[in-house]
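The values are calculated or read from the model by the stated rules, or taken from the named source; none is laboratory data. Bear in mind the structure is a predicted one, so any value in this text is a computation, not a measurement. In this analysis, Cβ positions are derived from the backbone assuming ideal geometry, glycine residues included, and neighbour counts consider all displayed protein chains. Only protein heavy atoms, including side chains, enter the accessible area calculation; ligands, DNA and RNA are left aside. Shrake-Rupley method; radii C 1.70, N 1.55, O 1.52, S 1.80 Å.
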Amino acid sequence: MVSRVALATLVVVGCGSSTLSDTPPRSTPAQLPTEPRASYQLGALRIDGAPTLDKELVARRSGEPIGARLLDLGGRNRAMGGIPVALISSDGLCKELPLVQHPQPQIVPAKCETGWARFTRTMVAPVFQRALADETSELRLHERVVSRTGTLVDPRWDDARDRSFYGLAIDQPAELWMTSLDGNSTKIAGNGPWSPLDISTDGRFVLARREVAFTRAGLYLIEIATGNATALTDPDGLAVRGTFVGGDVLAIVERDDRRVLEWISTWWRARVELEGDVVDFAVLPQGIVAVVEVAGVSTLQLIDLATGHHRVISEAPDDGVIRDLQARSDAIAFTYSDATHPREVHAHRSDTFQPLARWPSERSEMPRPAIHEIIARDGVRSQLLAYLPTGDKLPVLLELHGGPEDRWLPTYDRFVQFATAEGYAVIRPNVRGSAGQGRTFMSLDDGAKREHVLRDVDATLAWIAAQPSLDASRVVVMGTSYGGYLGLASLRAFPDRLRGGITLGAVTDFVGLLEGTAPYRRDHRRAEYGDERDPATRQQLAARSPVAWVKDLKKPLLVAYGEKDPRVPPATATRFIESARAAGVPVWSIAAADEGHWFERTDNRRAFDVLAIQFLRFATR
């Protein structure tokens with residue numbers, strides 16, 4: 001419960017200016033160089049200006065925890081006597097979790113390394129999404145491709161007819177497509193980007209979401225036969241998700257201060273507001289089961305739509321997070337994670353909500369985060385997660401998330417465990433622009449307000465300075481994607497309070513980003529950052545870009561990027577690194593020939609984590 005989470009407030013006055021895709025094959029491992037050198041190759045990684053990997057750190061970082069994620073709930077396995085099962089993803093495979101006691105705890109129906117899969121009606125094997133490269137993927141049944149290949153957005157499965165719907169983005173925003181098991185594909189609607197959410201019981205309509213910006217998305221009813229789209233919510237509002245309930249639609253809508261449930265009928269609408277954010281839901285005969293979050297911590301609540309009454313039916317056991325909620329007849333199931341547990345799958349009875357089955361994960365020794373509220377000098381309130389190992393005057397890693405409309409949650413993180421085990425405190429602020437505090441908060445960094453985020457970084461640094469157990473003179477900032485940009489901007493704004501910066505896939509050139517990002521993402525990014533085709537906006541974007549003021553960065557950097565990144569053009573990373581070195585900035589660089597926007601391959605991620613710790617040692621020595 002939230003009451004178990006530590007909350008504190010600090011007012012700052014007058015201070016200075018992850019759909020999971022399938023796990024790709026591992027990179028070809030290479031022998032670690034035994035002597036330091038300025039440039040070396042490590043598998044698919046080209047490393048420049050950095051020392052060789054510390055073998056003891058490599059040994060301590062080796063090994064990946066085995067977690068699990070719920071993929072589908074329902075169906076009965078004939079080989080196990082027709083018992084009901086859940087489909088999960090664990091250890092790179094699709095597996096079945098029996099929902100009753102059975103001597104055989106799991107069956108592996110297919111090797112489908114995936115973040116999305118669904119049972120087919122025959123239950124012979126699931127249809128699953130297989131990632132390829134550059135964020136493209138395809139749907140497969142066994143080894144047979146049953147979809148077009150491209151960037152597939154939010155696949156949805158029509159149980160009654162064994163067909164799938166998905167957004168397909170190649171050279172333009174995602175169109176809405178339909179594919180049957182025989183591989184026949186049909187375009188339903190263009191003028192996206194579309195994300196299918198549900199299929200009507202009669203098979204005539206698709207409920208879809210069209211997002212034109214992080215803070216603007218509407219729900220539409222699309223007729224499959226004609227492609228005609230009818231708006232169900234305000235296109236300038238922010239609808240998050242929805243599902244059919246009979247002939248009506250139940251949706252999550254982002255309001256100014258929280259996410260709420262809205263019942264959308266032909267003749268009327270009703271709203272259900274709870275004390276917290278509604279982030280997921282499932283429909284049962286006795287009501288709606290909703291995942292409600294306060295300060296990132298989840299509870300399951302049952303809502304009686306006839307009366308509006310609601311009650312907590314399950315709390316996240318260790319102040320954790322619930323996702324992937326599904327309900328079918330006699331069971332509900334979900335994915336659970338907290339700071340000490342990688343993701344695991346839980347199933348409960350749908351009538352009594354008593355535990356039914358569980359696919360557990362190994363417990364780690366990672367410290368649980370305390371959640372603190374801070375107030376910037378302009379009065380904006382935000383929260384941070386503090387992972388504090390035992391010790392005094394600890395060096396600090398200040399990590400900024402990407403998005404920008406993403407958020408930190410109190411879930412398991414392999415790198416945080418590694419860093420805290422090595423004696424570093426990890427501080428993760430949800431600065432303005434983050435999700436989880438309503439639409440108004442998400443808009444506080446838009447347009448000309450982009451640099452206002454630094455006020456929250458300022459408040460976070462002041463919070464660090466106020467903690468007796470932390471050493472405010474030894475702080476390194478780290479960020480991925482947009483978080484990398486914000487980390488570099490923080491280094492420029494607070495050169496006397498930060499000792500260095502680590503970035504992965506960072507935005508270093510806004511004009512280069514908008515001109516070189518994948519075509520289907522360009523309009524969405526212009527809505528967030530501005531249109532570089534307008535001369536005045538282009539000038540502002542260029543001036544805001546780290547590559548324009550790299551000479552102001554006086555502290556060392558670790559810069560990593562993937563050479564197949566479809567989001568942030570790799571050429572912008574190489575230009576930034578060259579400019580930084582020309583300006584005399586010490587730079588350790590890592591270029592991954594086989595990675596996209598993130599480092600997903602096990603060997604690459606391990607090498608990055610180890611070099612990040614070595615960089616922390618170097619910068620905070």
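Observations on the model:
- Across the alpha-carbon set of region 480-580, the Rg to Rh ratio works out to 0.96, Rh being the Kirkwood radius.
- Over the chain: Rg over Rh, Cα atoms, Kirkwood Rh: 0.95
- Summed over all non-identical Cα pairs, the Kirkwood treatment of region 290-385 gives a radius of 15.1 Å.
- One equal scatterer on each Cα of region 443-515, no solvent, Debye formula: the resulting log10 I(q)/I(0) at q = 0.14, 0.22, 0.25, 0.26 Å⁻¹ is -0.47, -1.02, -1.20, -1.25.
- Spatially proximal lysines relative to Lys95 (Cα-Cα < 18 Å; intrachain offsets below 8 disregarded): Lys111
- Rounded accessible area per residue of region 241-352, 1.4 Å, Å²: 39
- Using alpha carbons only: equivalent-ellipsoid semi-axes of region 198-254, gyration tensor based, whole Å: 20, 13, 7
- The equivalent ellipsoid of region 117-271 has semi-axes of 27, 18, 14 Å, largest first, where each one is the square root of 5 times an eigenvalue of the Cα gyration tensor.
- Cross-link table Lys55/Lys393; Lys393/Lys449; Lys55/Lys555; Lys449/Lys554, entries beyond 29 Å C-alpha to C-alpha: Lys393/Lys449
- Less than 5 angstrom separates the built amide H of Leu232 from those of Leu219, Tyr220, Leu221, all sequence-distant by 5 or more or on a different chain.
- A Förster radius of 56 Å, combined with the Cβ-Cβ distance separating Lys187 from Asp496, puts the computed FRET efficiency at roughly 0.50.
- Cut-off under 5 Å, modelled amide H: who pairs with Leu73 long-range: Leu87
- Cα-based radius of gyration of region 360-476 once divided by 2.2 N^0.38 Å, which approximates compact folds: 1.08
- Placing unit charges on the Cβ atoms only, positive for Lys and Arg and negative for Asp and Glu, gives region 488-606 a dipole magnitude near 380 debye about its Cα centre.
- Positive end of the dipole of the chain (Cβ unit charges, origin at the Cα centre): among Thr52, Ser314, Thr517, the Cα lying farthest that way belongs to Thr52.
- Under the Karplus curve 6.51 cos²θ - 1.76 cosθ + 1.60, θ = phi - 60°, whole-Hz ³J(HN,Hα) for region 547-560, x wherever Gly or Pro sits: 5, 7, 10, 4, 5, 7, 8, 9, 9, x, 10, 10, 10, 10
- Phi angles across region 485-495 convert, under the Karplus curve 6.51 cos²θ - 1.76 cosθ + 1.60 with θ = phi - 60°, into 3J(HN,Hα) values of 4, 5, x, 5, 5, 5, 4, 5, 6, 10, x Hz, Gly and Pro given as x.
- Summing Cβ point charges (Lys, Arg +1; Asp, Glu -1) relative to the Cα centre of the chain gives a dipole of roughly 800 debye.
- Whole-Hz couplings from phi, Karplus 6.51/-1.76/1.60, listed for region 368-384; x for Gly and Pro: 6, x, 8, 9, 10, 9, 10, 10, 6, 5, 9, x, 6, 9, 8, 10, 9
- Looking at region 196-337, the pairs of alpha carbons with a distance over 24 Å make up 31% of the total.
- Each Lys and Arg Cβ is given +1 and each Asp and Glu Cβ -1; about its Cα centre, region 332-452 then shows a dipole of about 180 debye.
- Accessible-area composition of region 128-206, carbon plus sulfur, in percent [1.4 Å probe]: 46
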